[in-house]
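Supplied in structure tokens, the structure appears directly below.
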Amino acid sequence: MSSSVQDKLMEDLKVAMKTKDVVRTSTIRMIRGQMKDFQIAKGAPLAPEDEIAVLNNAAKKRKEAIEMYEKANRPDLSAKEKEELQVIAGYLPEQLSESEVEAVVTRTIKEIGAATTKDLGKVMQAVMSQLKGKADGKLVQEIARKKLT
């Protein structure tokens, strides 16, 4: 564990334990566990992009759970997931605004020469390679689909 995100997680875990911040402590432990699992599966130390991938995956799971709990009318469980998502978001790179994402999508569509929704896959692949970790895939897809119709 030599990387900056993992070092920050370790420091924050110590602080959270001292201040008895239960949500923060359990969330950081969960993230560290997922990073360790990923590192074992990879068989090598994690690169910064691997750490971001683990964090994005954890955030995505929280967002999906929040959606499900809200549909099931379970605000108690939804609130817990929101708290965890807030902790995870603190370690993710700054997310781009919708207008910034739209600008990248528009530029990419022009560069690729995409014209219809059949080109959505090509556009998504190109945009996500540029915005990895900086924008939500659902948002990118929504904007790209709108621009291509």
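Could you list, in their original order, any pairs among 36/138; 63/122; 110/146; 61/82 whose Cα atoms are separated by more than 19 Å? Please list the in-between numbers first.
Details: 36/138 27 Å; 63/122 26 Å; 110/146 14 Å; 61/82 11 Å.
In this structure, 36/138; 63/122 lie more than 19 Å apart at Cα.
Let me ask another. Provide the per residue accessible area, probe 1.4 Å, for the chain, rounded to a whole number of square angstrom. Write out the running numbers ahead of the final one.
On the way: 9300 Å² over 149 residues.
Value returned for the chain: 62 Å² of accessible area per residue.
Also, I was wondering about something else. Taking only C-alpha pairs under 8 Å that are 6+ residues apart, what is the relative contact order of the chain in percent?
Numbers: 122 pairs, mean separation 28.9, N = 149.
Averaging sequence separation for qualifying contacts and normalising by length gives 19 percent for the chain.
Within straight cross-link reach of residue 42, meaning Cα distance under 18 Å, which aspartates and glutamates are found once same-chain residues fewer than 8 apart are removed?
50, 51
Rounded to a whole number, what % of the accessible area of the chain do carbon and sulfur atoms account for, probe 1.4 Å? Display every interim value, and only then the final one.
Working: 5080 of 9300 Å².
Roughly 55 percent of what the probe reaches on the chain is carbon or sulfur.
Helix by helix through the chain, keep the DSSP H runs that span 24 Å or more along the axis on Cα and average at least -0.5 on Kyte-Doolittle, and give those back in order. Walk me through the intermediate numbers first.
Numbers: long enough: 22-42 (30 Å, -0.20); 48-71 (35 Å, -1.04).
The qualifying helices are 22-42.
The values are calculated or read from the model by the stated rules, or taken from the named source; none is laboratory data. All values derive from a computational prediction rather than experimental measurement. Calculation scope for accessible area: heavy atoms of the full protein, side chains included, ligands and nucleic acids excluded. Shrake-Rupley method; radii C 1.70, N 1.55, O 1.52, S 1.80 Å.
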